[in-house]
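Notes to accompany the following structure.
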Amino acid sequence: MNGLDKYNQNFHDIDGRLIQPDLRIGFVLVPGFTILPLAGFIDTLRHAADESDYSQQVYCKWKILGPSMEPIPSSCGVTIPPWELYGDPTEFDYIVVVGGQTDLIRFVSKQTYEFLRKAEELRIPLVGLCVGVFVLAEAGLLKNQKCAVHPRHLNEFVESYPNIIPVIDELFVIDLNRITCAGGTAAIDLAVTILINHLGETQARKGLSHMMVDQHRENLHTPRHPYDELDHCQDPRIKDAIELMKKNLTFPFCVKDLANQLGCSQRQLERAFQKHAHISPAKFWRQLRLKRARWYLLNTNLNITRIAFDCGFSDCAHFTNLFTQVYGESPSRFRSVRLQASQSTR
């Protein structure tokens, strides 16, 4: 038996005992999938799968599935061939869908959607990594549920799937039998969370130091604000506008007055924001105020009416509606759920 055959064994003989994996995962890669979340997730499994570092599938088993044996292209051009064709979903504890480029979703095969729907009928948990969440949504498997969406894809997701609740301030979201992850390195954190439930803390965290990951982040960890990179924008109008916005969160004024203070026209400022942020200055300003409100909800005891006023919203109802649109739940529920989660871990 060669090394690759040994790695792909379904069962392993250890001290004369046959061991069946405690965790079995099937990966579905769609055209244009991103390498990073796949590699992060699968390498976390690999390190947890045996006692040493031989990459043997002892405690964990994984396969890459597909509608055919044709190699699947990633967003960077690297191709990965499936190990086997779609079969019985009950062979796995989870089916993980890895996406990447939203414009390539139209190339997802009919067989892939049929396989995912069959898994759902059999109550197999479905996981969407990165744009994999779009694939689950397109398959009709996220109706009226919350899901993690990368901030850069938020507008496109809301326009395409208005009946699904996107969440952009959590690394991953677990809602009933659906698990979604914004992608990137957050896939490592999700993999550790799943592994903890099946293999325990020690085995789940085994590979983090090997992967140069400092610690496992919980799903309530807040990622960077989606527009933080604009702090380094080379257009001085953008940088100066953001500075003025941050200084006037409680009493925002109209975009025309903002442009006048910057020495440009309102139209020029709006074009600059569309070019660099793909968002209007008014909406960007509102996002900053909502971010401030979110911080108040998590870190103060101020009532929601006071928070709405301090963050420049005309009334509490208006603030509540906007907050719910962005964060997927009302301010009061947002605060109470996270307070309960914090107290339960003490």
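Remarks
- Checking each residue in the stretch 251-268 for being surrounded by 12 or more Cβ atoms within 10 Å (Cβ to Cβ), under 37 Å from the mean Cα position of the chain (by Cα) and either polar (S, T, N, Q) or not in a helix (DSSP H, G or I) (or both) picks out Pro252, Phe253, Gln266, Gln268.
- Condition met for Arg106 (closer than 14 Å to Asn177 by Cβ, among the charged types (D, E, K, R) and surrounded by fewer than 18 Cβ atoms within 10 Å (Cβ to Cβ)): no
- Top-ranked residue of the stretch 50-75 - restricted to ones that are among the polar types (S, T, N, Q) and in contact with a His (Cβ under 8 Å, 6 or more places away or on another chain), ranked as nearest to Asn197 (Cα to Cα): Gln57
- The set of residues in the stretch 58-91 that are assigned to a helix (DSSP H, G or I) and of a type in the set (Ser, Thr, Tyr) contains only Thr90.
- Residue selected from the stretch 269-286 under the condition under 25 Å from Phe319 (Cα atoms) and charged (D, E, K, R), by the criterion surrounded by the most Cβ atoms within 10 Å (Cβ to Cβ): Arg286
- Some residue of the stretch 20-29 being more than 21 Å from Ile188 (Cβ to Cβ) and either modelled with pLDDT of 95 or more or more than 22 Å from the chain's Cα centre (by Cα) (or both): yes
- Whichever residue in the stretch 130-185 is under 21 Å from Val213 (Cβ atoms) and of a type in the set (Gly, Ala, Ser) and, among such residues, is surrounded by the fewest Cβ atoms within 10 Å (Cβ to Cβ): Gly184
- Taking the stretch 324-346 as the range and being modelled with pLDDT of 85 or more, within 20 Å of the chain's Cα centre (by Cα) and not in a helix (DSSP H, G or I) as the test, only Glu329 passes.
- Residues satisfying the stated conditions in the stretch 173-229, i.e. in a loop (DSSP other than H, G, I, E, B), of a type in the set (Gly, Ala, Ser) and modelled with pLDDT under 85: Gly200, Gly207, Ser209
The rows are residues; the columns are (1) closer than 13 Å to Phe27 by Cα; (2) free of Cβ contacts under 8 Å to residues at least 12 places away in the same chain; (3) among the small types (Gly, Ala, Ser); (4) in contact with a His (Cβ under 7 Å, 6 or more places away or on another chain).
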position: Thr90; (1), (2), (3), (4): no, no, no, no
position: Tyr94; (1), (2), (3), (4): yes, no, no, no
position: Thr102; (1), (2), (3), (4): no, no, no, yes
position: Val108; (1), (2), (3), (4): no, no, no, no
position: Lys118; (1), (2), (3), (4): no, no, no, no
position: Ala139; (1), (2), (3), (4): no, no, yes, no
position: Pro162; (1), (2), (3), (4): no, yes, no, no
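The values are calculated or read from the model by the stated rules, or taken from the named source; none is laboratory data. Being a predicted model, the structure only gives us computed values, none of them experimental. Don't worry about glycine lacking a Cβ; one is built from the backbone with ideal geometry, like all the others, and counts go over all protein chains shown.
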